Amino acid sequence: MSEFGLGRMTFGSIFKKPETVLYPFEKKPAPAGLKGHIVIDVNQCILCGICQRTCPCDAITVDKPNRSWEINRFQCVQCGSCIRACPKKCLSMDPAYTSPAPHMHTDSFSVPDPKKEA
Ligand code: SF4
Ligand code: SF4
């Protein structure tokens, strides 16, 4: 870039809105298609276990007798295989990263029993 071009770019930036934001008080909108973390709609889940068998990282554990669905987000590589495989379409990708934590842990969700709710 010539000196003239560089000077014009520098001068022009004085009048532009800054590219940076005051994180964490202000956050930029997530770009389209950002891979964040898996979320589950437990009301749609039938505990079939297909997501667990599909996951290449053993990040998901489905416990049908205890009606629980667990994910170790620190093992998940956000490949999206579980989302594509779920027959009930109850898994999706939330475009927000997993919060940092001092220890690896699993997030556990109780899946309601439709027979008991009826
Ligand atoms: S594949 Fe879908 S319906 Fe089956 S256990 Fe996983 S989340 Fe639930
Ligand atoms: S996104 Fe991939 S790695 Fe993460 S839980 Fe689903 S299948 Fe496993």
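The values are calculated or read from the model by the stated rules, or taken from the named source; none is laboratory data. Fair warning: this is a prediction, and the values are worked out from it, not measured in the lab. Cβ sites come from the backbone with ideal geometry, for glycine too, and all protein chains shown count toward neighbours. Ligands, DNA and RNA are stripped out before the accessible areas are found, and what is left, the full protein with its side chains, is counted by its heavy atoms. Shrake-Rupley method; radii C 1.70, N 1.55, O 1.52, S 1.80 Å.
The GNM of the chain, with springs linking C-alpha atoms under 10 angstrom apart, assigns the highest mean-square fluctuation among Thr20, Thr54, Thr98 to Thr20. For the chain, the solvent-accessible area works out to 76 Å² per residue, with a probe of 1.4 Å and every protein chain left in place.
Just Pro29, Pro102, Pro65 to compare: in a GNM of the chain, with alpha carbon springs under 10 Å, which one fluctuates most? Checking each option, the largest mean-square fluctuation is seen for Pro102. Which of the listed residues, Met104, Val21, Ile83, is farthest toward the dipole's positive end in the chain, when Lys, Arg count +1 and Asp, Glu count -1 at the beta-carbon? Farthest along the dipole direction, towards plus: Ile83.
Bridgeable lysines around Lys64 (alpha carbons under 27 Å apart, same-chain partners fewer than 8 residues away excluded): Lys88, Lys89, Lys115, Lys116. Projected label points at Met9 and His103, each 7 Å from Cα along the beta carbon direction, are separated by 4.9 nanometres. In the chain, the portion of solvent-accessible area held by carbon and sulfur atoms comes to 58 percent [1.4 Å probe, whole percent, DNA, RNA and ligands not counted].
Compute a Gaussian network model of the chain, connecting alpha carbons closer than 10 Å, and tell me which residue from Pro100, Pro56, Pro87 fluctuates the most. Looking only at Pro100, Pro56, Pro87, the biggest GNM fluctuation is shown by Pro100.
What size of dipole, in debye to the nearest 20, comes out for the stretch 29-117 about its Cα centre when the only charges are +1 on Lys and Arg C-beta atoms and -1 on Asp and Glu C-beta atoms? Could the numbers behind the result be given before it?
Numbers: 10 positive and 8 negative charges, 55 e Å.
Magnitude of the dipole: close to 260 debye.
Taking 8 Å as the Cα distance limit and 6 or more residues as the minimum spacing, I'd like the relative contact order of the stretch 29-117 as a percentage. Computed value for the stretch 29-117: 40 percent relative contact order.
The lysines whose alpha-carbon is closer than 16 Å to the alpha-carbon of Lys28, local same-chain residues fewer than 8 away aside, are Lys17.
Quote the FRET efficiency, to the nearest 0.05, computed for Glu70 versus Ala30 with a Förster distance R0 of 25 Å and r equal to the Cβ-Cβ distance. Present the calculation step by step, with values, prior to reporting the outcome.
Working: r = 25 Å, r/R0 = 1.01.
With R0 = 25 Å, the Cβ-Cβ based efficiency is 0.50.
In straight Cα distance, which aspartates and glutamates are under 16 Å from Lys27, not counting same-chain residues fewer than 8 positions off? Partners found: Glu19, Asp94.
Using Cα atoms only, what is the angle between the long axis of helix 3-13 and the major principal axis of the chain, expressed in degrees (0 to 90) to the nearest 10? It is inclined by approximately 60 degrees.
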